[in-house]
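The values are calculated or read from the model by the stated rules, or taken from the named source; none is laboratory data. Since we're looking at a predicted model, the values are computed, not measured. Neighbour counts are summed over all protein chains in view; Cβ atoms, including those assigned to glycine, are modelled from backbone coordinates with ideal geometry. With ligands, DNA and RNA removed, areas are computed over all heavy atoms of the protein, side chains included. Shrake-Rupley method; radii C 1.70, N 1.55, O 1.52, S 1.80 Å.
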Amino acid sequence: MKSIRTRFAPSPTGFMHVGGVRTALFAWLIARQDPNGKFILRLEDTDQKREVEGSAEHLIKSLRALGIDYDEGPDIGGPYATYRQSERLETYKRWAQKLIDAGRAYADPFSAEEIESFRKKASSEKRAFLYRHHRPENPPAWDGTTPLRFRSDPKSYDWHDEVMGDLHSGPEVIDDIILIKSDGFPTYNFAHIVDDAEMEITHIIRGQEFISSQPNYLNLYEALGLEHPVFATMPHILGESGTKKLGKRDGAKDVLEYINEGFITEALVNFIASLGWNDGTEQEIFSRNELIAKFSLDRVGRSGARFDEQRLLWMNGQWIRRLTLDDLFDRAEDFWPAAAKRADIETKKHVLNLVQDRLKTLADLPTITSYFFEEPVPNWQMVSDNKQLGKLSRQEIKDLLTAAQNALNECEFDAESLQNTLNKLLITTDQKPAILFSLIRLAVSWAPFSPALNETLAIIGKDMVNIRLQTAIKTA
RNA sequence: GGUCUCAUCGUCUAAUGGUUAGGACACCAGGUUUUCAUCCUGGCAAUCCGGGUUCAAUUCCCGGUGAGAUCACCA
């Protein structure tokens with residue numbers, strides 16, 4: 001059997017959003033399931049007007065960040081180079097010439113205005129506009145300055161799509177599509193078919209927006225004498241609120257933005273894969289390798305899925321908890337609060353270990369760790385808002401904190417000794433943990449929550465704890 | 001408007017011609033924990049509507065309805 005070759009073929013006209021990632025991911029998974037499979041990146045940069053500076057680099061960076069590696073591509077070359085359509089113009093001309101020679105392509109003699117008036121007439125008569133109804137009798141020879149059109153052969157088609165199942169269309173959707181634009185660049189409609197054939201692509205995985213053009217592509221494959229690849233059409237990912245295709249307006253975010261917000265790539269990949277796909281079991285968390293082992297196109301759902309950030313957040317937490325401390329430490333590097341710069345690696349690892357279960361994203365790191373690295377600002381509102389502590393008088397608070405300060409001054413600052421000291425303090429002050437420990441916790445951290453009190457004190461250290469308790473007693 | 005596609009808890013989804021329609025997120029309650037988080041237990045909550053086929057339909061068929069896609073010298 002032929003080795004699988006799949007491709008991701010974006011146009012460099014914008015950023016990489018989750019819909020694009022999913023298409024790329026599924027194509028990549030299919031390729032990686034075959035030991036000899038190849039995944040190819042091809043840039044479809046045939047629209048000069050819409051090209052956005054830097055977006056090709058951005059696409060590449062996004063794929064790399066997510067671990068979706070490709071075997072052939074514009075920046076790494078490969079046996080079918082070049083992988084940039086703007087550099088393959090001669091190839092398209094060659095294939096176009098075949099069609100011209102066979103009488104299956106002709107120069108479009110009409111101006112844009114003329115075509116527009118045909119279109120308007122059709123719409124005023126409530127008919128669908130078809131260019132082929134205006135196909136010229138004796139078109140001029142094509143000199144490259146006008147669009148080159150396909151001379152279509154309208155007919156019905158039945159074809160299979162790995163995701164959508166068996167599909168059908170009638171002849172009324174087949175038209176004389178443009179192959180080469182008047183600027184000499186091919187249209188997507190023509191270029192992707194030529195390139196997929198030249199690059200021996202076996203599976204086309206693409207978004208739903210192409211499904212209605214599929215019959216025209218089938219017609220073109222026939223005219224070119226080509227077998228078509230396997231088709232797999234993905235339903236769209238819908239925006240959070242609405243029911244529309246996910247677009248920038250609906251808050252569709254660049255994947256790199258998610259990474260900058262502290263989402264880890266395993267979680268993003270896992271989440272995006274599970275949008276429309278599952279393996280039929282109750283498993284929710286899939287590693288990259290599990291996805292490769294278990295993915296199949298025929299288990300991809302046909303209806304659009306909404307992008308639910310809550311679920312992504314949960315999944316990110318799940319993945320963070322699964323990381324080893326060293327791995328987490330490496331990934332967290334850019335997320336520490338500024339004050340942590342001075343701290344040594346061991347302390348930071350210790351802190352990270354204590355807060356690992358509490359992180360939903362790496363970006364949570366500053367808010368839940370900053371008091372380990374710098375003086376927190378006392379916020380007595382937190383005490384008065386506390387159901388238990390709010391009942392204490394100022395004097396009671398001062399007395400409890402002073403007792404704590406004295407006891408802790410006599411204590412070795414390791415977690416075990418601290419726990420013993422704290423337990424004894426409960427007895428001598430005759431207080432409940434919910435009151436005494438909460439008060440100490442707030443006085444040294446002024447954070448809404450923190451790890452276990454003894455561990456927290458141990459990291460902050462004896463001197464700093466003393467200073468913070470002193471400050472608290474003074475400001476109470 | 002033409003064409004195509006889709007339709008299970010609020011969300012992501014599983015399953016089946018006969019099930020108490022399963023799981024996960026979110027939410028609520030309880031347990032554990034000094035707090036928060038984690039973890040554990042429980043709860044809430046769904047087959048779009050109408051016909052037909054059938055002993056039996058959420059599942060198959062037809063028709064509605066709703067949603068999405070497309071109808072470019074964009075991809």
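Observations, loosely collected:
- The residues packed around residue A:412, meaning those with a beta-carbon under 15 Å from its beta-carbon, carry a net charge of -3 if Lys and Arg are +1 and Asp and Glu are -1.
- Whole-number percent relative contact order across segment A:1-130, with pairs defined as alpha carbons under 8 Å at least 6 apart: 22
- Counting only the Cα atoms, chain A fills a convex hull of 198 Å³ per residue.
- Label-to-label distance for residue A:261 and residue A:137 is 6.2 nm, based on points extended 7 Å past Cα in the beta-carbon direction.
- Extension gain from residue A:299 to residue A:342, taking 0.36 nm per residue of separation minus the Cα-Cα distance: 10.4 nm
- For residue A:207, the amide hydrogen comes within under 5 Å of the amide hydrogens of A:234, counting only partners 5 or more places away or on other chains and with H modelled in the peptide plane.
- HN-Hα J in Hz across segment A:456-470 - Karplus 6.51, -1.76, 1.60, θ = phi - 60°, x for Gly and Pro: 4, 4, 4, 6, 4, x, 4, 4, 5, 4, 4, 4, 5, 5, 4
- Relative to the current alpha-carbon distance between residue A:322 and residue A:409, full extension at 0.36 nm per residue lengthens the span by 27.6 nm.
- Per-residue [θ]222 nm for chain A (sum of -39500 (n - 2.57) over DSSP H runs n ≥ 4, rounded to 500): -13500 deg cm²/dmol
- Between the amide H of residue A:179 and those of A:148, A:149, A:150, distances stay under 5 Å, these residues lying 5 or more places away or on another chain, with hydrogens modeled in the peptide plane.
- Estimated vicinal HN-Hα couplings, Hz - segment A:319-333 in sequence order (Karplus 6.51, -1.76, 1.60; Gly, Pro = x): 6, 4, 5, 7, 6, 6, 4, 5, 5, 4, 4, 4, 6, 7, 2
- On Cα atoms only, tilt of A:112-124 relative to the major axis of chain A in degrees: 80
- Here residue A:349 is the anchor, and the lysines within straight C-alpha reach of less than 20 Å, apart from those fewer than 8 places off in the same chain, are A:341, A:360, A:462.
- Length-normalised contact order of chain A in % [C-alpha pairs under 8 Å, at least 6 apart]: 12
- Accessible area (Å², 1.4 Å probe, nearest 10) - residue A:360: 90
- Accessible area of residue A:298 (1.4 Å probe, protein heavy atoms only, ligands and nucleic acids ignored): about 120 Å².
- Residue A:331-residue A:114 FRET efficiency (beta carbon distance; Förster radius 35 Å; 0.05 resolution): 0.05
- Farthest positive-ward along segment A:159-301 dipole, Cα basis, beta-carbon charges - from A:214, A:275, A:163: A:275
- The Cβ shell under 15 Å around residue A:422 holds other residues with a net charge of -2, Lys and Arg each +1, Asp and Glu each -1.
- Seen from residue A:435, the other residues with C-beta closer than 13 Å to its C-beta sum to a net charge of +1, counting Lys and Arg as +1 and Asp and Glu as -1.
- Considering only A:300, A:229, A:60, and ranking their Cα positions along the charge dipole of chain A that arises from unit charges at the beta-carbon of Lys, Arg, Asp and Glu, the one farthest toward the positive end is A:300.
- Entries of A:61/A:98; A:155/A:294; A:348/A:424; A:61/A:120; A:387/A:424; A:49/A:155 with Cα pairs more than 32 Å apart: A:61/A:98; A:155/A:294; A:61/A:120; A:49/A:155
- Put simply, the amide H of residue A:263, placed in the peptide plane, has neighbours under 5 Å in A:362, leaving out anything fewer than 5 places away on its chain.
- ³J(HN,Hα) computed for each position of segment A:187-199 - Karplus, 6.51 cos²θ - 1.76 cosθ + 1.60, integer Hz, glycine/proline x: 7, 3, 3, 8, 4, 5, 5, 4, 5, 4, 5, 4, 8
- The length gained by stretching the chain between residue A:52 and residue A:432 to full extension, at 0.36 nm per residue less their Cα-Cα distance, is 130.5 nm.
- Within straight-line cross-link reach of residue A:391, aspartates and glutamates at Cα separation under 17 Å, skipping those fewer than 8 residues along the same chain: A:399, A:430
- For segment A:1-103, size of Cβ-based charge dipole, Lys and Arg +1, Asp and Glu -1, in debye: 320
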